[in-house]
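Engineer: Please read through the structure below; I'll follow up with questions.
The values are calculated or read from the model by the stated rules, or taken from the named source; none is laboratory data. Everything numeric here is computed off the predicted structure, so don't read it as measured data. Here the Cβ positions follow ideal geometry from the backbone for every residue, glycine too, while neighbour counts run over all protein chains shown. These area figures cover heavy atoms from the full protein model, side chains too; ligands, DNA and RNA do not enter into them. Shrake-Rupley method; radii C 1.70, N 1.55, O 1.52, S 1.80 Å.
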Amino acid sequence: MSRRLSFMDRASFPRPSMRASVLLSGKREQLATQAEFDLLEFNASLGCPLASYEDATLSLVGGKALQCWRMMKFGLPVPAAFVIPTYVYSLHIGEAGVHDLIDEVFSSDIRDASIRDMTEAKLEEIRDKIMSTPLNEEVADNLKAFLSSIGNVTVAVRSSGSAEDLASQSFAGQYDTFLYKKTVDEIIESIKGCWKSMFQSHILEYASKSVFLDVKVGDKTEPQVYTPGLMKPPKMGVLVMQMVEAKSSGVCFSKNLWGEPDEIMIESVFGQGEGLVSGELTPDRYVVSKYTSKLCYQELTPQTHKFVRSSNMDGVEKVAINKPSDEPVLNSRNLRAIVVAARAIEDFYNKPQDIEWAIDENDTLFILQARPITTLESTGPLSFLPPGEGFWTFDPTHFPRPVTPWFRDSYGFKY
């Protein structure tokens, strides 16, 4: 069910007041006070609460953690998180004895079939040794202290690669994420699982065409391009983030990719967002004015399923909604909150952003991550209309038009 609303028919939301700026300022002062206490307890190089980390850079914490750190420092509602810097990854591969193997892999020109076979064997050895090597004890102790401070709730363990969520290109979906982890042992295995995911075969294929760089916050120099056989091995931080028990979740593009630049596009589903990014669920879509918060367009899809915590308490699973309805996933209050946050994030980065968000049962909005929209430079027209029959998925962060799941997976994007 979709319709373009006439000027007189558009639902109008109140304009955001200066109160949002006051709240952000108050949140920043609160975080600064907490950081002073945390720095007395944690050795930041071996992991600490994200809000307490000082002077984060891409090379120190990776792309995803850097973006969340910036937004958290700005006062945006990012869930509580613990960052494991790239230094810990370097320690771990040293303990695992795979440093030289990694250098060999990333200095190999895998376009040569014989070299590729040998490289595959080296990748398998790297993965096995990463998983079998114990995590540094002080890192584990810091992690335990953080988990205790947030009440030992479930967390998501997310990769934060040094070539991820960049302005030049987004590596979203390239590395593994682990949801609903609770015990320390589970979380530690997931941390190592994130590192292991850097050495899957499809990552190497993708890396042979990609840019790796180490830049500091605010560095606007052009990234150095590494050609196959001359690549710099990436590093990875890890973000351990408190899970949001999502009533609804989705993505928001702070610039409408198919319409006016002063419009925001929002997609939403019930439950966790894995159903949206995997293409298994068709979301509600909304287009809202960025500056007046007026609803310009909506395309509503009856929601019959959602993704929730799995029955075995590990990850998520798809379940049927008991009483499906034609009611929209988001109400006017939810839309207004997302618009205010999206505008603040775009203003902060000074460029359009692809934003992942979740809303809990108390109608509280959380920002899970943000990254630059990398399809803005596409020369072809953008459209979310499927080009033919069959099952299509929609991933405008990477592709300007709908693609089949097979094409997306073949390109190397895992969700």
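Engineer: Looking at the range 93-145, what % of the alpha carbon pairs are farther apart than 14 Å? Don't jump to the answer; show the numbers that get you there.
Structural biologist: On the way: 819 of 1378 pairs.
Of all Cα-Cα distances in the range 93-145, 59 percent exceed 14 Å.
Engineer: Please tell me which of these pairs span more than 24 angstrom C-alpha to C-alpha: K64/K182; K181/K306; K73/K196; K73/K318?
Structural biologist: Working: K64/K182 21 Å; K181/K306 20 Å; K73/K196 30 Å; K73/K318 35 Å.
Check vs 24 Å cut-off fails for K73/K196; K73/K318.
Engineer: What FRET efficiency comes out for D55 versus D314 if R0 is 25 angstrom and r is the Cβ-Cβ distance? Round to the nearest 0.05. Mind showing how you got there, number by number?
Structural biologist: Details: r = 36 Å, r/R0 = 1.43.
Efficiency for this residue pair is about 0.10.
Engineer: What order do you get for 332-339, 68-75, 263-270, 127-134 when each peptide is scored by the mean count of other beta carbon atoms within 10 Å, highest first? Could the numbers behind the result be given before it?
Structural biologist: Numbers: 332-339: 19.8, 68-75: 22.2, 263-270: 23.8, 127-134: 15.2.
Ranking, from highest mean packing down: 263-270, 68-75, 332-339, 127-134.
Engineer: Give the calculated FRET efficiency between E327 and E138 to the nearest 0.05, with a Förster radius of 60 Å applied to their Cβ-Cβ distance.
Structural biologist: Details: r = 50 Å, r/R0 = 0.84.
With a Förster radius of 60 Å, E is 0.75.
Engineer: Quick one: give the max-minus-min coordinate of the C-alpha atoms of the range 233-310 along each principal axis, largest first, in Å.
Structural biologist: Sorted largest first, the three principal extents are 38, 38, 21 Å.
Engineer: Kirkwood Rh, Cα Rg: Rg to Rh for the range 236-281? Present the calculation step by step, with values, prior to reporting the outcome.
Structural biologist: On the way: Rg = 13.6 Å, Rh = 12.5 Å.
The Rg/Rh ratio comes out at 1.09.
Engineer: In Å², and per residue, what accessible area does the range 243-380 have when probed at 1.4 Å with the other protein chains present?
Structural biologist: On the way: 5600 Å² over 138 residues.
Normalised by residue count, the accessible surface of the range 243-380 is 41 Å².
Engineer: How far, in nm, would the chain grow between R116 and T292 when pulled straight, counting 0.36 nm per residue and subtracting the alpha carbon separation? It would help to have the intermediate numbers written out before the result.
Structural biologist: Details: separation 176, 0.36 × 176 = 63.36 nm, distance 5.46 nm.
Net length gain for the segment: 57.9 nm.
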